[in-house]
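Please read the structure below before turning to the comments.
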Amino acid sequence: MQSNGFTQKAYYSVEIKLKMTNALTITDLQKELLAVKQTYNELHCHDQRKMLALDDVPVFELTIDKEAKITNLSKGFEKVMEYTCEDYLNKSFTELLADEDEITGHYANFEMFKVKGTIYKKHWRMKKPSGEVITVMHSARAIYDDCGEFNGAVGFVLDVSASVNANRALVRSEREKRLILDIMSEGVIYFDKELKVIWANRVMSDFFGSFADDIENKRCREFCPGRNTGCATCPIMKSLHTKTKQISEVSYNSISCVMQVHPVLDNDEDIISLVTVITDITERKLLERQIVDLSNNERKRIGHDLHDGLGQMLSAISIMSSSLLDIMDKKEGQEFELVQKIVKHTDESQEMMRRILDGLCPVFD
């Protein structure tokens, strides 16, 4: 009886322990299920927030299978591409591309992508139903199965048409600016505040001759043979120190030029660069010298003509009028006064002619 009683007590004890263990196990499972459910809800809410945020920007999520067929698209697809998501589900990614060149590029990149596993900021051209072609940037990561076989990919596609078009316009503008500056007769050179050349146009490169191929990143003093330091009287140095525009005539290798230096200042009035415009005036100076020489020669010729022609005639008139005045019997009357005036005006004319010849006064009519 005691043995049976002990056995029965032991059985009840084991049964109670099993019930307690089962209760604990169920409770733990319930807790784990609740934690999983909470995690799932958090992930679901996070995914919803992510998709909601993506709906406000020109980007969409794209998932493809191992054959590059589209299996999932976010709502942003409809905003970017102006198709419905249903229009392209289970269709090939290539059907989004704009032309054969893009499709050929896709096939070449897709095989590499399967091995590499990532694609980053790849640009594609895609066509909307209206026929408009846009540029998108695609970044994606491959999905592999347990055996390491390629099973598809997920990534994001961003519409970058605006920035691409802006960059193209900027490049075109820079090219046009360069073309305009290169056909100018003036040399234009752009220095940083350390007086290193940032950029120079073709005329400037030709001007410096041997520096034409490597003028950039050189300091201005390197253009002047025999100088290791800057010129104290150089308008570039003056502009750097005074932060004001400088204009000066300078000579370089027997070339005369006018140099204009324009400082570029930031918001704090500090120099960030210098724009220098150089105009070659060698021919102008030569022409000026030739004009001066011609003028001097012409002046000498006119002086000789005046002296040998008009001067002699005035001298003759003066002598004859003086002689006439001396032989006149009556030293008064109209005739006498008239001859006196002739003598006076003749002397004045000779004096004026001498002054003209000396260049001391303008020519009077």
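The values are calculated or read from the model by the stated rules, or taken from the named source; none is laboratory data. Source: prediction; values computed, not measured. Every residue, glycine as well, gets a Cβ built from its backbone with ideal geometry; the counts of neighbours run over all protein chains shown.
What pairs can you find where one residue is in the range 278-299 and on the phi > 0 side of the Ramachandran plot and at pLDDT 85 or above, the other is in a helix (DSSP H, G or I) and not β-branched (Val, Ile, Thr), and their Cβ atoms are less than 8 Å apart, with a gap of 6+ or different chains?
Going by the 8 Å Cβ cut-off, there are no qualifying pairs.
Answer yes if at least one residue in the range 80-101 is in the same structural domain as residue 155 (by TED's automatic domain parsing), at pLDDT 65 or above, assigned to a helix (DSSP H, G or I) and touching a His at 6+ places or on another chain (Cβ under 6 Å), and no otherwise.
Yes, the range 80-101 contains a residue that is in the same structural domain as residue 155 (by TED's automatic domain parsing), at pLDDT 65 or above, assigned to a helix (DSSP H, G or I) and touching a His at 6+ places or on another chain (Cβ under 6 Å).
Picking from 152, 76, 105, 131, which residue would you name as being over 28 Å from residue 165 (Cβ atoms) and either of a type outside the set (Asp, Glu) or out of contact with any strand residue (DSSP E or B) (no Cβ under 7 Å at 6 or more places or on another chain) (or both)?
152
Please state which of the following conditions residue 104 fails to meet, knowing it meets all the rest: (1) part of a helix (DSSP H, G or I); (2) of a type in the set (Ser, Thr, Tyr); (3) surrounded by 13 or more Cβ atoms within 10 Å (Cβ to Cβ).
(3)
Restricting to the range 108-140, give me the number of residues that are surrounded by fewer than 15 Cβ atoms within 10 Å (Cβ to Cβ) and under 22 Å from residue 78 (Cα atoms).
Total meeting the criteria: 9.
List the residue pairs whose Cβ atoms are under 8 Å apart, where the first residue sits in the range 185-202 and is at positive phi and in the same structural domain as residue 276 (by TED's automatic domain parsing), the second is in a strand (DSSP E or B) and modelled with pLDDT of 85 or more, and the two are 6 or more positions apart or on different chains.
195/274
Is it true that some residue in the range 221-228 is in the same structural domain as residue 64 (by TED's automatic domain parsing), surrounded by fewer than 15 Cβ atoms within 10 Å (Cβ to Cβ) and either farther than 20 Å from residue 280 by Cβ or modelled with pLDDT of 85 or more (or both)?
no
Going by the conditions given, is residue 325 modelled with pLDDT under 70 and in a helix (DSSP H, G or I)?
Considered against the rule, which asks whether it is modelled with pLDDT under 70 and in a helix (DSSP H, G or I), residue 325 comes out as yes.
Please note which strands (runs of 3 or more DSSP E) are completely contained in the range 115-214 and include at least 3 residues that are modelled with pLDDT of 90 or more.
118-127, 133-144, 150-159
Give the residue that is farthest from residue 153 (Cα to Cα), with candidates limited to residues of the range 107-137 that are β-branched (Val, Ile, Thr) and in contact with a helix residue (DSSP H, G or I) (Cβ under 7 Å, 6 or more places away or on another chain).
Filtering the range 107-137 for residues that are β-branched (Val, Ile, Thr) and in contact with a helix residue (DSSP H, G or I) (Cβ under 7 Å, 6 or more places away or on another chain), the one farthest from residue 153 (Cα to Cα) comes out as 134.
Quick one: is residue 84 surrounded by fewer than 16 Cβ atoms within 10 Å (Cβ to Cβ) and in contact with an Asp or Glu (Cβ under 8 Å, 6 or more places away or on another chain)?
Answer is yes for this residue.
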